[in-house]
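Please read the structure below before turning to the comments.
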Amino acid sequence: MRILAIETSCDETGVAVIDDGRRIVSNVVASQLVHQDTGGIVPEVAAREHLHALDGITQQALNDAGVELRAVDAVAATVGPGLVGCLLVGANYGRGLALAAGLPFIGVNHLEGHVYANWLYEGDTPTPEPEIPAVVLIVSGAHSDLVLMEGHRRFRPLGRTIDDAAGEAFDQVARLLGLGFPGGPAVERAAKDGDGAAFPLPRAALSGYDFSFSGLKTAVLRLVRSLEAKGEVPIADVAASFQKAITEVLAEKTARAAAEHSVETVLLGGGVAANLALRAEIQKRIGHPLRVPSPRLCTDNGAMIGAAAFFVLRDRGTEVPVNVRSDMKLA
Amino acid sequence: MTLLALDTSTEWASVALYDGHDVLAEETWHAQRRHADELFPTIERLLARTRVTLASIDKVAVATGPGSFTGLRIAIAAAQGIARGAGAALVGVSTLDVLAYPHAASKQRTCPLLPAGRGEFYAAFYQERNRRWERRSPFIAATLPELCRQIGAHTLFVGEIGAETEQTLRDILGPKALFASPASRMRRAGYLAELGWNALETSPQRRLGDIEPIYVKQPSIRTSFDQPFAPPPTDDLALGLPKRH
Ligand SMILES: [Zn+2]
């Protein structure tokens with residue numbers, strides 16, 4: 001089954017062609033650069049950019065795949081969660097495409113997309129499928145969710161952030177240190193030459209699997225202000241100390257969840273999962289190989305939506321969603 | 001050969017099918033904020049009712065505003081997708097042009113109004129001159145007093161004009177303010193279909209991605225530092241739609 005899949009939930013316009021939920025035939029992602037000027041995503045600006053770019057990117061994805069729309073079996077698009085104005089562009093374009101081409105339309109939960117990014121491979125040799133059950137950590141600018149995947153499309157939420165998403169904390173610290181947007185890669189780059197033990201920062205000790213990052217954010221703000229008062233801010237050390245604090249909390253809870261549920265497989269997804277320090281922290285604690293999509297597939301893309309859409313069709317127990325719901329959850 | 005016309009510019013939405021001679025079917029409804037859920041079921045219902053197949057759709061016309069930013073994008077994204085999937089030609093027509101068009105025969109100076117939020121209205125002025133009915137102004141976003149300062153002659157108002165708006169216009173303009181009857185001042189996709197069909201006859205096809213909303217107003221710079229994912233739209237403003245009273 002060949003699926004054309006569209007992702008427009010936030011600030012990446014992505015379209016991909018995916019075979020059988022796993023093989024990437026083509027995968028085009030256009031990141032919106034306009035948000036660098038505002039240091040954050042303006043939803044209306046993001047929606048305008050999606051509409052401007054989507055048809056051209058769809059053409060490019062089909063061209064790259066060397067297929068015509070006629071050779072596709074279904075059209076999928078993200079229908080939530082995300083910025084409603086952005087979701088509506090991809091979902092309505094995809095639905096129109098499907099209707100006119102006589103194809104089924106599959107609405108996809110963006111979070112399921114991040115999970116199923118772990119099923120994707122490039123080239124002709126399939127990688128082994130991840131074993132289920134699995135503990136999945138989805139960390140991005142919008143989400144910090146820890147879930148137990150009990151079967152295909154069967155998720156039990158274990159914990160989530162009670163305030164900021166992990167990626168937001170990265171963005172805010174990057175802004176504070178003048179490192180640019182998006183903050184994840186910027187902080188990681190700056191932290192490379194820094195000492196993670198330079199400054200002690202709080203690890204919010206919430207019981208259970210929920211996360212909280214606002215205290216850490218405030219602590220970094222206070223630290224930077226007091227360093228500024230004394231003279232120059234050692235940016236690399238602050239970035240490294242922050243990165244160590246946040247990745248330790250994420251890794252700690254993820255590893256604990258895997259142990260408590262006697263689960264061998266740990267899967268990562270979302271832009272923050274591209275962070276190498278996070279991967280190393282988790283790896284250290286679980287004692288067996290960690291499964292992580294390539295950085296390109298961690299951030300938002302159409303390929304992961306195509307993977308998730310395949311499993312929606314294959315394991316259809318319920319109706320296939322078609323309507324946009326910006327507050328969709330993983331369940 | 002059939003044209004599909006889509007309009008979700010405001011809280012009112014409209015869909016029509018047109019064959020170049022007759023409007024085959026048309027549905028106009030108060031969608032409020034449900035356009036996204038209701039647009040495709042409506043298209044499918046009209047196709048089934050008229051037994052028009054998607055394969056015979058070779059033209060798509062879409063209303064491009066000005067109007068609700070999010071609303072406009074729903075129909076434009078859908079129209080781009082349908083045109084791409086069906087291999088059909090796509091044309092964009094201003095929502096205000098659609099509103100003014102049925103009143104061309106009246107020879108009145110005509111001003112369509114659509115709510116733009118925060119007490120403002122989208123508007124433009126249309127008039128016949130040298131036997132040509134044309135838009136004689138740029139697209140405007142203005143409050144009613146600002147708009148009325150540009151009005152010296154009798155003007156026929158059409159579009160979404162609530163009782164309060166009508167009263168304000170009468171208070172400012174007196175007898176110069178004329179109002180089309182409720183049914184004739186509504187926006188209907190049948191007219192969009194006519195205008196779109198004619199435009200495709202005379203002007204060359206543009207790239208699908210070039211059909212974009214007429215925004216008029218800049219996006220609000222309300223950034224989302226602390227809330228990158230907006231909550232589901234609980235109020236009209238979240239959808240970019242004007243507040244209803
Ligand atoms: Zn994401």
Suppose we filter the range A:249-283 for residues that are over 25 Å from A:GLU168 (Cα atoms), outside any loop (DSSP other than H, G, I, E, B) and not small (Gly, Ala, Ser); how many remain? 2
Inspect the range A:274-291 for any residue being open to solvent by 40 Å² or more (accessible area, probe 1.4 Å), modelled with pLDDT under 95 and either in contact with a strand residue (DSSP E or B) (Cβ under 6 Å, 6 or more places away or on another chain) or within 16 Å of the ligand (Cβ to nearest atom) (or both) and give the result as yes or no. yes
Any residue at all in the range A:86-105 that is crowded, with 24+ Cβ neighbours inside 10 Å, away from the ligand (no atom under 15 Å from the Cβ) and under 30 Å from A:VAL173 (Cα atoms)? no
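Table: residues versus (1) surrounded by 12 or more Cβ atoms within 10 Å (Cβ to Cβ); (2) in contact with a helix residue (DSSP H, G or I) (Cβ under 9 Å, 6 or more places away or on another chain); (3) under 30 Å from A:VAL34 (Cα atoms).
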position: B:LEU169; (1), (2), (3): yes, yes, no
position: B:PRO182; (1), (2), (3): no, no, no
position: B:ARG187; (1), (2), (3): yes, yes, no
position: B:ALA193; (1), (2), (3): yes, no, no
position: B:ASN198; (1), (2), (3): yes, no, no
position: B:THR202; (1), (2), (3): no, no, no
position: B:GLY209; (1), (2), (3): yes, yes, yes
position: B:PRO213; (1), (2), (3): yes, yes, yes
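Could you check the range B:1-109 for strands (runs of 3 or more DSSP E) lying wholly inside it with 2 or more residues that are within 18 Å of B:GLY209 (Cα to Cα) and in contact (Cβ under 8 Å) with a residue 60 or more places away in the chain? Explain how you work it out, then say what you get.
On the way: elements: B:2-7, B:12-18, B:23-30, B:57-63, B:89-93.
Result: B:2-7, B:57-63, B:89-93.
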Could you grab the pairs with beta carbons closer than 8 Å, sequence gap of 6+ or different chains, first residue in the range A:76-88 and in contact (Cβ under 8 Å) with a residue 24 or more places away in the chain and facing another protein chain (nearest Cβ under 7 Å), second one within 11 Å of the ligand (Cβ to nearest atom) and among the aromatic types (Phe, Trp, Tyr)? A:PRO81/B:PHE229; A:GLY82/B:PHE229; A:LEU83/B:PHE229
Failed item in (1) away from chain B (no Cβ under 14 Å); (2) in contact (Cβ under 8 Å) with a residue 60 or more places away in the chain; (3) hydroxyl-bearing (Ser, Thr, Tyr), with A:THR247 passing the rest: (2)
Please note which helices (runs of 4 or more DSSP H) are completely contained in the range A:1-107 and include at least 3 residues that are in contact with a strand residue (DSSP E or B) (Cβ under 8 Å, 6 or more places away or on another chain). A:43-65, A:84-101
Hey, can you tell me all the residues within the range A:292-312 that are modelled with pLDDT under 90 and over 21 Å from A:GLU264 (Cα atoms)? A:PRO295
Subset of the range B:67-93 (residues that are open to solvent by 10 Å² or more (accessible area, probe 1.4 Å), more than 7 Å from chain A (Cβ to nearest Cβ) and within 20 Å of B:PHE139 (Cβ to Cβ)): B:VAL91, B:GLY92, B:VAL93
Residue hits (the range A:257-273; away from the ligand (no atom under 16 Å from the Cβ), crowded, with 18+ Cβ neighbours inside 10 Å and not aliphatic (A, V, I, L, M)) are A:THR265
Would you say A:VAL25 is away from chain B (no Cβ under 11 Å) and away from the ligand (no atom under 16 Å from the Cβ)? yes
List every residue pair whose Cβ atoms sit under 7 Å apart, with the two residues 6 or more apart in sequence or on different chains, where the first one lies in the range A:112-134 and is within 16 Å of the ligand (Cβ to nearest atom) and the second, anywhere, is among the polar types (S, T, N, Q). A:GLY113/A:THR78
Does B:LEU99 satisfy the criteria of being more than 29 Å from A:GLU49 (Cβ to Cβ), crowded, with 17+ Cβ neighbours inside 10 Å and not basic (Lys, Arg)? no
For the range A:115-131, state whether one or more residues are open to solvent by less than 10 Å² (accessible area, probe 1.4 Å), in contact with a strand residue (DSSP E or B) (Cβ under 7 Å, 6 or more places away or on another chain) and assigned to a strand (DSSP E or B). no
Could you tell me whether A:VAL136 is more than 14 Å from chain B (Cβ to nearest Cβ), part of a helix (DSSP H, G or I) and either over 30 Å from A:PRO289 (Cα atoms) or open to solvent by less than 40 Å² (accessible area, probe 1.4 Å) (or both)? no
Go through the range A:28-41 residue by residue and tally those that are surrounded by 20 or more Cβ atoms within 10 Å (Cβ to Cβ) and within 11 Å of chain B (Cβ to nearest Cβ). 3
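The values are calculated or read from the model by the stated rules, or taken from the named source; none is laboratory data. Keep in mind it's a predicted model, so treat the numbers as computed, not measured. Backbone-built Cβ (ideal geometry, glycine too); neighbour counts: all protein chains shown. Each accessible area value is taken on the protein alone, full model and side chains, heavy atoms only, with ligands, DNA and RNA left out. Shrake-Rupley method; radii C 1.70, N 1.55, O 1.52, S 1.80 Å.
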